[in-house]
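Undergrad: Below is a structure I'd like to ask you about.
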2 protein chains.
Amino acid sequence: MKLASLDLGGRDGRLVVVSRDLRRAVAATGIAETLQAALDDWAVAEPRLLALSAALEAGTAPDAFAFDPAKALAPLPRAWQWLDGSAFHAHGELMAKVFGITNPHHDKPLMYQGMSHRFIAPTAPVPLPTEADGIDFEGEFAVVTGDVSMGTDADTARAHIRLVMLVNDWSLRVPGRAEMETGFGWVQAKPACSAAPIAVTPDELGESWADGRIHLNLLVDWNGARFGAANGGAMGFCFGQLIAHAARTRDLCAGTIIGSGTVSNENYRQVGSSCIAERRGIEMLDEGAARTGFMRFGDRVRMEVLHDGQSVFGAIDQEVVKG
Amino acid sequence: MKLASLDLGGRDGRLVVVSRDLRRAVAATGIAETLQAALDDWAVAEPRLLALSAALEAGTAPDAFAFDPAKALAPLPRAWQWLDGSAFHAHGELMAKVFGITNPHHDKPLMYQGMSHRFIAPTAPVPLPTEADGIDFEGEFAVVTGDVSMGTDADTARAHIRLVMLVNDWSLRVPGRAEMETGFGWVQAKPACSAAPIAVTPDELGESWADGRIHLNLLVDWNGARFGAANGGAMGFCFGQLIAHAARTRDLCAGTIIGSGTVSNENYRQVGSSCIAERRGIEMLDEGAARTGFMRFGDRVRMEVLHDGQSVFGAIDQEVVKG
């Protein structure tokens, strides 16, 4: 099942079910006005949404209409919680080598609490205050959970995954370094993330959803040139482990979004990177200095994931603009 | 005006206006079902809530009833954003001396993004997994903002303050130290905060609301013994500056809660502290070692603020229990 939120008024958009080929949609009227409302009452909403999805695929859903991704908001235009891991060891080890950013607790994932009151629509411009902040993208997979009780273990946690998403975790590297030094984590360095228009139930990924990981390439294009195509299967900690880490001392509420961190593979010199910081780190290792600059206003970044040639989540395709 | 959310079903409670003496309340039916809904449409809701508050004070509000704080949730049982500063220099300087926790950027407030999808009801038990985590309270003032645009300056930001709250920012000191070392900030160390039942408009504080600070004592009692009575007026950065810091690279949404950090005064040896970590720091300075332990299951902490002898926010009064 594929779900999206259309920009039809209100801060949370209107929930629609989208066809597998992303061409048609039907409003979830009478089931749930918003995706958050569906997640808050998933046991009731899910079977009804599944029935609507089946009708849409069969061509029997009344009032179906053409799906226009330009009218889509993020699946959760605002979410109650966004916890972002850093689960790809290739990325972590490179950052450790180059910037001295180390995880002193290797048995635990790195994770930060990010802002969640806004996820930017997939084709909306991204306003940021200044290029001097070192504007970077981070291509990530993410999952949306149901309610998860404090102390839930990793295996049980995996069963609480409701949806999978594609996220661009915008990062400002200059304030980021300063904020890391405080130990308090990131506020100014982590403005709103963007999200691809479609959230999918894990079964939509077929065999590519395995071991709590998404075994698909995250295609990143910067100003029309391929920048990265790293595979999500290389996560060192799976999503179940990330959820369990997050839930050690707190309940998670329905609609919590858990991010993988920048998707990164050991062969990053071949497959490329999902963020500029990683590319710069490779340059520092190989050439002694970073030569790739960060983003400029007017630059575009596009992220998409294909499965059997079909776009899974739709595309994030955005311009960075002066805010 | 005083507002609260009663536990009448639903995840967000039901908005009520509460009388100045906290004895009577009236539902905001027909104005806004929830406090978040009122904040989302404040320009429309505020004058109507003010009229209802005036009627309640005049004894002419129909359907007014006795206000029972035991039935109150946190004013925002879940909020879209919680950003907690560390704005009291006395506390910061002590932590720096004792634990080497320094702010390398003295011109900027320290701030972290905390979990906001749940604020615990003021008299509910607080379930935590283990005493070994070093369970501590942190008494804080907080403000609730309206929508704040990215780049808003501190003076303008102050005008976006809608409500003032009293918060206990529960802190787990053992995972807290480890998480600070990662630079990613706190996840496991910062479970859900608790909040006093009443949120008030700043005018309710009279002359005690000045310079973007709350010049009132935050009374903290641990197991019935006074632990601290530090004054909120000593904030090194005012709430306008904290909001502006938060909004440098992001819009803030209506219902954002910004915390002051642990309320602390230079004469903490006289007035006491708002968290155990500070008391322990003083002991380490004065006696060479901390002798006060952290909280045990079954312990209670009470927080309240008086203004002209009247409780402003109602009390937080909770037991810590094994979760």
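The values are calculated or read from the model by the stated rules, or taken from the named source; none is laboratory data. Just so it is clear, the structure is predicted and the values come from calculations on it, not from any experiment. Virtual Cβ from ideal backbone geometry, glycine too; neighbours counted across all protein chains shown. To get the accessible areas, we keep the full protein, side chains included, count just its heavy atoms, and leave off ligands, DNA and RNA. Shrake-Rupley method; radii C 1.70, N 1.55, O 1.52, S 1.80 Å.
Undergrad: Could you give, in nm with one decimal, how far B:Val321 is from each other copy of that position, shortest first, with labels 7 Å out from Cα toward Cβ?
TA: Copy-to-copy label distances for B:Val321: 5.2 nm.
Undergrad: Compare each residue of the range A:1-23 in its chain alone against the assembly with all protein chains, and report those whose accessible area goes down by 50 Å² or more; 1.4 Å probe, heavy atoms.
TA: The answer is A:Arg11.
Undergrad: Can you tell me the order of B:287-295, B:307-315, A:194-202 when each peptide is scored by its average per-residue count of other Cβ atoms within 10 angstrom, highest first? Write down the numbers at each step before the final one.
TA: On the way: B:287-295: 13.1, B:307-315: 16.9, A:194-202: 25.3.
Result, highest mean Cβ count within 10 Å first: A:194-202, B:307-315, B:287-295.
Undergrad: Let me ask something else about it. Can you pull the mean other chain C-beta count within 10 Å for peptide B:187-193? Spell out each step's value before the answer.
TA: Working: counts 16, 8, 1, 3, 5, 4, 0.
Averaged over the peptide's residues, the number is 5.
Undergrad: Which far-off residues, 5 or more places away or on another chain, put their amide H under 5 Å from the one on B:Phe67, with H placed in the peptide plane?
TA: B:Arg24, B:Ala25
Undergrad: Now, a different point. Looking at the axis that maps chain B onto chain A, which chain B residue has the closest Cβ, and how far off is it in Å, rounded to a whole number?
TA: B:Gly185, 1
Undergrad: Total Å² of accessible surface buried at the B-A contact, 1.4 Å probe, nearest 100?
TA: 4700 Å²
Undergrad: Taking beta carbons within 10 Å but only from partner chains, what does the mean come to for residues A:115-123?
TA: 4
Undergrad: Follow-up. Give, rounded to the nearest 20 debye, the magnitude of the charge dipole that the range A:29-187 has about its Cα centre when Lys and Arg contribute +1 at Cβ and Asp and Glu contribute -1 at Cβ.
TA: Here the range A:29-187 has a charge dipole of around 100 debye.
Undergrad: Once the label point is placed 7 Å from Cα along Cβ, list for B:Arg20 the distances to the corresponding points in the other copies, in nm, shortest first.
TA: 6.7
Undergrad: Does anyone have the angle between helix B:173-182 and the longest principal axis of chain B? Alpha-carbon axes, 0 to 90°, nearest 10?
TA: Once rounded, one gets 80 degrees.
Undergrad: Would you mind checking which residues have amide H under 5 Å from B:Gly228's amide H? H placed 1.01 Å from N; only 5 or more apart, or other chain.
TA: B:Val220, B:Ser273
Undergrad: Right, here's the next one. Would you mind working out the magnitude of the charge dipole of the protein assembly as shown relative to its Cα centre, with +1 at each Lys and Arg C-beta and -1 at each Asp and Glu C-beta, to the nearest 20 Debye?
TA: 20 debye
Undergrad: Counting Lys +1, Arg +1, Asp -1, Glu -1, what net charge surrounds B:Arg279 among other residues with beta carbon under 13 Å of its beta carbon?
TA: Computed value for this residue: -1.
Undergrad: Can you pick out the pairs among A:Lys2/A:Lys71; B:Lys190/B:Lys322; A:Lys97/A:Lys322; A:Lys190/A:Lys322; A:Lys190/B:Lys190; B:Lys2/B:Lys190 whose Cα atoms lie more than 21 Å from each other?
TA: Listed pairs above 21 Å: A:Lys97/A:Lys322; B:Lys2/B:Lys190.
Undergrad: Now for a separate question. How many percent of the alpha carbon pairs in the range A:46-142 exceed a separation of 23 Å?
TA: Looking at the range A:46-142, the distances longer than 23 Å represent 53 percent of pairs.
Undergrad: When the chain is fully extended, how far beyond the present Cα-Cα distance does A:Glu287 get from A:Ala159, taking 0.36 nm per residue of separation?
TA: Contour length minus Cα-Cα distance gives 41.6 nm.
Undergrad: Still on this model: Keeping the other protein chains in place, figure out the carbon and sulfur percent of the accessible area of chain A, with a 1.4 Å probe.
TA: 50 percent
Undergrad: For the range A:48-62, in order, what is each residue's ³J(HN,Hα) by Karplus, 6.51 cos²θ - 1.76 cosθ + 1.60 with θ = phi - 60°, in whole Hz (x at glycine and Pro)?
TA: Per residue, the Karplus-derived 3J(HN,Hα) values read 6, 5, 4, 5, 5, 5, 5, 5, 4, 5, 7, x, 10, 6, x Hz.
Undergrad: Quick one: 3J(HN,Hα) in Hz for the range B:81-97, Karplus 6.51/-1.76/1.60 with θ = phi - 60°, rounded, Gly and Pro as x.
TA: 7, 10, 10, 10, x, 9, 9, 9, 5, 4, 5, x, 5, 5, 4, 5, 5
Undergrad: Using 20 Å bins from zero, what percent of all Cα-Cα pairs in the protein assembly as shown falls into each bin?
TA: Each 20 Å bin holds this share of Cα pairs: 20, 53, 25, 2.
Undergrad: Also: What accessible area per residue, rounded to a whole number of Å², is obtained for the range B:1-116 using a probe radius of 1.4 Å? Please list the in-between numbers first.
TA: On the way: 4780 Å² over 116 residues.
I get 41 Å² per residue for the range B:1-116.
Undergrad: Using the heavy atoms of the protein chains alone and a 1.4 angstrom probe, what is the accessible area of the range B:160-262 per residue in square angstrom?
TA: On the way: 2370 Å² over 103 residues.
It amounts to 23 Å² per residue over the range B:160-262.
Undergrad: For B:Ala43 and B:Asp203, what is the calculated FRET efficiency with R₀ set at 25 Å and r taken between the beta-carbons, to the nearest 0.05?
TA: That pair, B:Ala43 with B:Asp203, gives E of 0.90.
Undergrad: Find every distance from the label point of A:Asp63 to the corresponding label point in the other copies (7 Å from Cα along Cα→Cβ) and write them in nm, one decimal, shortest first.
TA: Counterpart label points of A:Asp63 in the remaining copies fall at 3.0 nm.
Undergrad: A further question follows. What does the helix-only formula give at 222 nm for chain A: each DSSP H stretch with n ≥ 4 adding -39500 (n - 2.57), the total divided by the residues, and the result rounded to the nearest 500 deg cm²/dmol?
TA: Using -39500 (n - 2.57) per qualifying helix, the result is -6500 deg cm²/dmol.
Undergrad: For the pair B:His106/B:Asp7, report the inter-label distance in nm, with labels modelled 7 Å from Cα in the Cβ direction.
TA: If labels sit at B:His106 and B:Asp7, their model points lie 4.7 nm apart.
Undergrad: Right, something else. Per residue of the range A:19-34, in order, report the coupling 6.51 cos²θ - 1.76 cosθ + 1.60 (Karplus, θ = phi - 60°) as ³J(HN,Hα) in whole Hz, putting x for Gly and Pro.
TA: With the stated coefficients, the range A:19-34 comes to 6, 4, 8, 6, 8, 10, 8, 8, 5, 8, 4, x, 9, 7, 5, 10 Hz.
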